[in-house]
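Report on the structure given below.
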Amino acid sequence: MRSLLILVSLALSATTALAQEKIAFKVEHKEGGSIDVRECMKMKISGTVQGQVLSMKVGKTTEYREKALAIEDGLPVRGERTYRTHQETVEQAMGSMAPQVNEKKNPIVGKPVILARKDGEVQLEAKPEAGDLDEDDLGLGTEDLDALLPENPVAVGESWKVGRDKIMRLMGKDTPKVCEAACTLEDVAEKDGSRTARIAVKLTMKGAMGGGEVSTELTGPFLFDLSASCPRSIALKGTMKMVMAGATIEGPMEVESTVTRVK
């Protein structure tokens with residue numbers, strides 16, 4: 001019995017020590033290293049406008065490979081990116097009218113572009129022969145997901161807040177003025193051979209956007225590979241509500257992103 005109690009005591013001590021361990025999140029890329037990125041946004045909203053039912057489906061997908069050409073303090077300052085997919089589809093229907101579908105495919109697909117950080121902003125070094133990138137596409141490495149990481153080491157169970165200035169890197173320049181992400185380190189475990197941190201994210205946004213008043217709440221897991229010092233994925237789901245000209249439209253929304261190191 002005494003031996004059993006000692007073993008239990010040692011196990012509890014080890015568990016407590018693990019729970020209190022402070023985790024430092026550091027992102028590190030290497031010159032010449034590449035990542036494959038896939039980003040996807042889906043939204044389906046509906047409501048009644050002037051007595052008629054309005055429904056809209058929006059989908060946007062981008063996939064690309066990015067190679068770090070120059071590194072400073074472990075982060076890329078110059079990179080070569082080649083898109084495999086860059087498209088957006090909007091399907092809209094009102095009343096008894098047939099749905100209208102508008103699909104945009106950016107001709108930048110397949111044409112390598114060089115991105116570089118100058119004066120604190122990421123810019124295209126030269127315009128591609130065909131296609132272009134929006135402001136929200138101009139980033140290097142994983143800086144959009146890095147914005148959600150804590151500035152200081154945290155233990156499992158601890159939380160931190162992320163403000164609008166950082167969330168704009170993830171959600172874009174049109175992010176409403178009232179915006180905040182509440183993050184909690186849920187656990188640290190081995191996943192696919194890597195030490196992986198699971199962070200619970202709750203993102204709320206409220207304010208003017210696209211000519212209306214928007215309120216959105218998205219929640220989901222953010223996985224960070226501690227062994228590779230790089231984000232792995234984020235998957236947020238929730239609802240979006242927009243009030244415009246006295247009409248209210250709302251529905252489900254999803255935002256997903258995955259990052260894979262190229263070996």
So, P153, is that one within 22 Å of E31 (Cβ to Cβ) and either out of contact with any Pro (no Cβ under 9 Å at 6 or more places or on another chain) or loosely packed, with under 14 Cβ neighbours inside 10 Å (or both) or not?
no
Does K105 fit the bill of being at pLDDT 95 or above, of a type in the set (K, R) and surrounded by 12 or more Cβ atoms within 10 Å (Cβ to Cβ)?
yes
Would you check which residues across segment 235-257 are small (G, A, S), in contact (Cβ under 8 Å) with a residue 40 or more places away in the chain and closer than 19 Å to T142 by Cα and list them?
S257
Among the residues of segment 141-158, how many are out of contact with any Cys (no Cβ under 8 Å at 6 or more places or on another chain) and among the polar types (S, T, N, Q)?
1
Strands (runs of 3 or more DSSP E) contained in segment 62-127 and holding at least 2 residues of a type in the set (S, T, Y):
75-94
Being free of Cβ contacts under 8 Å to residues at least 60 places away in the same chain, under 20 Å from the mean Cα position of the chain (by Cα) and assigned to a loop (DSSP other than H, G, I, E, B) narrows it down to one residue among L148, L133; which is it?
L133
Keeping to segment 147-166, report how many residues are touching a Phe, Trp or Tyr at 6+ places or on another chain (Cβ under 7 Å) and within 22 Å of E135 (Cβ to Cβ).
1
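Which ranges mark the strands (runs of 3 or more DSSP E) fully within segment 167-263 that have 2 or more residues being in contact with a Phe, Trp or Tyr (Cβ under 9 Å, 6 or more places away or on another chain) and surrounded by 16 or more Cβ atoms within 10 Å (Cβ to Cβ)? Walk me through how you get there before you give the answer.
On the way: elements: 178-191, 194-209, 212-225, 230-244, 247-262.
Output list reads 178-191, 194-209, 230-244.
The values are calculated or read from the model by the stated rules, or taken from the named source; none is laboratory data. Please read these numbers as outputs of a predicted model, since none were measured by experiment. All Cβ positions, glycine included, derive from the backbone under ideal geometry; neighbour counts span all protein chains shown.
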